[in-house]
Structure formats: C-alpha cells, structure tokens
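Just so it is clear, none of the values below were taken in a lab; they were calculated from the coordinates. Since the structure is predicted, the reported quantities are computational estimates derived from the model, not experimental observations. Cβ atoms come from the backbone with ideal geometry, glycine included; neighbour counts cover every protein chain shown.
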Amino acid sequence: MTFLEVKKALTERFSRAGFEAADLEAHFIVCEAAGIPDREFPLHAHEQIPPEAESRAESFLARRLKNEPWQYIFGHAPFRDLELAVGPGCLIPRPETEYSIDLMLDGLPRGACVCELGAGSGAISLALASERPDLTVVGVELSPDALRWAKLNLKKLALPNVTFLEGDLFVPVAGRTFDLIAANLPYIPEGDRGSLPPNVRGYEPDEALFGGADGLDVIARALEQAPAYLNPGGRVFFELDPCNADRAFELTSKYLHDPALLHDQYGAVRFLTAKR
C-alpha cells in the first residue's frame, strides 16, 4: 500500500469510530509511524509505505481508538521550541501553558532565580531555562512518576541551569528565595471530572488535574506559603481554571500585593500574577 492509501484507510476507521478530525488523526499517525515530518507527506504520498511503518501505524491506531492521547502513544509532545518526552504519569503540556512563558519572561531580571511548583514533564522549567540561559531554575514535583519524565527531558536537553527536586510544594527548597514562582498546579474542580474528554480523564494523572471541590486546594496552600519564598519584588505566576479565577484572586489578596488576572491566547482568564 502507498502512504496515501494507508492514510485513507485509517481516516475511514477513525470516521466510523466518531473521531471529528479523522483525516488529521490519520495524517499524524502515518507520518509518525514512518518517521517523516508531517509537512513532507505529499512528497511520499504515492510511494509504497515500508511494512514496519504500516505495522506501527496499525498499533498506533488501535491505541488511539481507545482514546489514548497521541502524545502518550508517540512518546513526545512539542512545547515552544522543545520536543519533550511524555507518557503515563505526567500531564501533557498545553498551548495555554506555552503562551504563559512569554508572560513569565516579561520583565524578569537577568540572573533571576525561578522556582516551578508541580513541574510535571518539566515543560515550564526547561522552556524558561533554554530561552534564558542566565536564569537559575528549580522545578519541584511531588509525583515520582512525573519527576522521571522531567529528569529524562533534562538529561536529553542537557541544560546546566535547571534542577528538579522531588517533594510537596516548597518543602525541597526550604530556606531559599526566588524572583519568580511559577506553577501549573491541579486546578480542575472534582465535580467537573465527567465533562472532561475521555483522552484526559481516562489517561492523564488525577493528581495533576483535580484540585478538590473548588479546584483550589493545592493552589491555596501554595499561595499562602509563597511570600516566605519570594525575594523583595518577586512575583508568583499561576495557571488557573477560568471558573475559579475570581476566587483565586481573592485568596491571593490575603498574602500578596498587586494581584492581577491575565488572559490566555484564546481570551479566557487563565493566569494569576502577584508580587511580594
């Protein structure tokens, strides 16, 4: 079979299974299975697909039809200019979080020290460190499973200005202070579990998604503790669920100055920043 014939066959099977973007799903799978950039597919469309690539495509298809995230299936996900290893046990980096890097870097002084809470795959820490080699970045992650992915990515990227530590919030960095505390902590209310897509609720770790009844259990603890870990003039930058942003703003006002809510690239209230 040719590349195009395999793609058409996979598209039909995705369509029958009710996948909305059937053609795109098939396109990604064929390119990944064959090891070709997706933009180069037209160059290979009428070539015979190697048998091993066709076999991989079938394997990928079977997993995707069970709603497994394609990032887990392929073992990697793009984030800014990085290609990160991801898999079961860590949150898949989102476009909103990619956008947040620009907001974090805006006004961050040279030589600043940064702490990321809930590092997951290490996306935020690694992006900040790679784009600003002058920074010193510490990423903290409670889950051993997620921490393994962060350390794997650090080893692959060999960034000398990043360290990952295991522990709960600020415990591993006791006695240290930072110019920026960044976090994408669990923020989805438990009651919203049923509304999440099956590829999220069925595969990504609960501890990275759900933040208690109002989604703010972990975030509230972090905000309360943050002032002790900020340098004078230092700031926090947290990602939020738009539904609990106002409540997070109220909490922040108790502990920090000049709280502000910021929008993501889609116009949703997604981020909270405040200063010591």
- [ ] Treating cross-link reach as a plain straight distance, find the lysines whose alpha-carbon is under 21 Å from the alpha-carbon of LYS275, omitting any fewer than eight places away in the same chain.
- [x] LYS254
Open item on the list: List the aspartates and glutamates whose Cα sits under 13 Å from the Cα of LYS151, skipping any in the same chain fewer than 8 residues away.
Closed with: GLU141, GLU166
Task: Projected label distance in nm at ASP38 and THR2, using a 7 Å step from Cα toward the beta-carbon - done: 2.2 nm
TODO: Give me VAL200, VAL114 ranked fewest to most by other Cβ atoms within 10 Å of their Cβ, as a rough exposure proxy.
DONE: VAL200, VAL114
TODO: For the stretch 3-66, just the Cα set please: Rg and Dmax, both in angstrom.
DONE: 10.7, 30
TODO: Quickly work out the ALA158-to-VAL200 label distance, labels modelled 7 Å from Cα along the C-beta direction, and quote it in nm with one decimal.
DONE: 3.7 nm
Task: Highest-MSF residue in the chain out of TYR266, TYR229, TYR203 [GNM, Cα springs under 10 Å] - done: TYR266
- [ ] Pull up the cross-link candidates among the lysines for LYS156, meaning alpha carbon to alpha carbon under 23 Å and not fewer than 8 places away within one chain.
- [x] none
Open item on the list: For the stretch 10-89 and the stretch 199-276, what is the centre-to-centre distance using only Cα atoms, to the nearest Å?
Closed with: 34 Å
Open item on the list: Could you order the peptides 34-40, 231-237, 250-256 from most to least packed, using the average number of other C-beta atoms within 10 Å per residue?
Closed with: 231-237, 250-256, 34-40
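Loop only per DSSP, at most 13 neighbouring Cβ atoms within 10 Å: give me the trypsin sites (Lys or Arg not before Pro) in the stretch 176-215, ordered by residue number.
Passing both the DSSP loop test and the Cβ count: ARG176.
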- [ ] For LYS66 paired with GLN225, estimate the spin-label separation in nm (one decimal), with each label point 7 Å from Cα along the Cα-to-Cβ line.
- [x] 3.6 nm
TODO: Take CYS243, CYS90 and order them by how many other Cβ atoms sit within 10 Å, fewest up front.
DONE: CYS243, CYS90
Task: Antiparallel DSSP beta bridges within the chain, percent to nearest 5 - done: 45 percent
- [ ] Report the Stokes-Einstein translational diffusion coefficient (µm² s⁻¹, integer) for the chain, Rh taken as the Kirkwood radius over Cα pairs, at 20 °C with viscosity 1.002 mPa s.
- [x] 107 µm²/s
TODO: Kindly write out, for the stretch 161-170 in residue order, the coupling ³J(HN,Hα) from the Karplus curve 6.51 cos²θ - 1.76 cosθ + 1.60 (θ = phi - 60°), rounded to whole Hz, with x marking Gly and Pro.
DONE: 9, 10, 9, 10, 10, 9, x, 8, 6, 8
- [ ] Quick one: dipole size for the chain, taken about the Cα centre, charges +1 on Lys/Arg Cβ and -1 on Asp/Glu Cβ, in debye to the nearest 20.
- [x] 440 debye
Open item on the list: As a test of the formula, what do you get for the chain when each DSSP H run with n ≥ 4 contributes -39,500 (n - 2.57) and the sum is divided by the residue count, at 222 nm and rounded to the nearest 500 deg cm²/dmol?
Closed with: -11500 deg cm²/dmol
Task: Per-peptide average of other Cβ atoms within 10 Å, ordering 157-165, 218-226 highest first - done: 218-226, 157-165
Task: Efficiency of FRET from Cβ geometry, ASP134 and LEU103, R₀ 30 Å, rounded to 0.05 - done: 0.95
